[in-house]
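To start, the structure itself, in structure tokens.
The values are calculated or read from the model by the stated rules, or taken from the named source; none is laboratory data. All figures in this text were calculated on a predicted structure; none of them were measured in a lab. Using ideal geometry, Cβ is built from the backbone for each residue, glycine included, and neighbour counts are taken over all protein chains shown. We work out accessible area using only protein heavy atoms, side chains counted, and drop any ligands, DNA or RNA first. Shrake-Rupley method; radii C 1.70, N 1.55, O 1.52, S 1.80 Å.
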Amino acid sequence: MLLSISESLETPVSTLLGETVTPSKVDDLKAISAKLEVINLQLAQRKSTGKRILHWLLISLCIVIAATFVILLALEGPYQNWDYCDPETAILGVVFHSFEWLFVRVAPIILVGAMIGIFLTWKKE
């Protein structure tokens, strides 16, 4: 019966029972909008921070690759003159040679990719 009375009077049942009901504020939309704006700013800052971290990681990768190339050039493959009759020396020499062989073939590709990444993550101010 209370439901029919509330529908005919277009008032909530709680008002009919004597409870005080605070009407919804028009400012709720503004409050939600302000919260969404704060969330959007936080997401933009997080994206910018991630981009900046990636940028410096790529620069660090380029530096490490260049330093490794310089070290390999300075060493001039000393393992090539080792006596490979000793099994331990032979295994260590193969490991050094494998690293150098793989590094010389893969590092330039990684270096070019890192340089492209640096260019793409460079922030123009």
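Highest GNM mean-square fluctuation among Leu29, Leu58, Leu17, for the chain modelled with Cα contacts below 10 Å: Leu17. Length gained on full extension, Phe99 to Ala66, computed as 0.36 nm times the residue gap minus the Cα-Cα distance: 10.3 nm.
Using a 10 angstrom Cβ neighbour count of at most 11 plus a DSSP loop assignment to flag exposed trypsin sites (Lys or Arg not before Pro), which longest range of the chain is free of such sites? Could you put the intermediate results ahead of the total?
Numbers: sites that count: Lys25, Lys123, Lys124.
The longest uninterrupted stretch comes out as 26-122.
Run the numbers for Leu43 and Thr89: contour at 0.36 nm per residue of separation, minus the present Cα-Cα distance, in nm. List each step's numbers first, then the result.
Values: separation 46, 0.36 × 46 = 16.56 nm, distance 5.44 nm.
Value of the extension gain: 11.1 nm.
Extending 7 Å from the Cα toward the beta-carbon at both Ala34 and Leu3 defines two label points whose distance is 3.9 nm.
With an 8 Å Cα cut-off and a minimum separation of 6 or more residues, compute the relative contact order for the chain in percent. Working shown, then result.
Numbers: 42 pairs, mean separation 34.4, N = 125.
Value for the chain: 28 percent.
Of Ala90, Ile65, Trp122, which is farthest along the charge dipole of the chain in the positive direction, counting Lys and Arg as +1 and Asp and Glu as -1 at C-beta? Sorting the options by dipole projection puts first Trp122. Surface composition of the chain: carbon plus sulfur atoms hold 70% of the accessible area, using a 1.4 angstrom probe and ignoring ligands, DNA and RNA. In order along the stretch 75-92, the phi-based Karplus estimate (6.51 cos²θ - 1.76 cosθ + 1.60, θ = phi - 60°) of 3J(HN,Hα) comes to 6, 6, x, x, 5, 5, 9, 6, 7, 8, 6, 7, x, 5, 5, 5, 5, 5 Hz; Gly and Pro are listed as x. Only lysine pairs 8 or more places apart, or on different chains, with alpha-carbon atoms under 23 angstrom apart are counted in the chain, and they number 6.
Rounded, prolate or oblate for the chain? Axes are the square roots of the Cα gyration tensor eigenvalues, ordered a ≥ b ≥ c, and the cut-off for rounded is a/c under 1.5. Don't skip to the end; give the middle numbers.
Values: a/c = 7.44, a/b = 3.63, b/c = 2.05.
Verdict is prolate for the chain.
Under the simplified labelling scheme, the Glu10-Val112 pair shows an inter-label distance of 7.3 nm, with each label point 7 Å from Cα along Cα→Cβ.
How big is the charge dipole of the chain about its Cα centre, in debye rounded to the nearest 20, if each Lys and Arg gets +1 on its Cβ and each Asp and Glu gets -1 on its Cβ? The partial results should precede the final answer.
Values: 10 positive and 12 negative charges, 115 e Å.
For this selection, approximately 560 debye.
Protein heavy-atom accessible surface, 1.4 Å probe, per residue over the chain: 85 Å².
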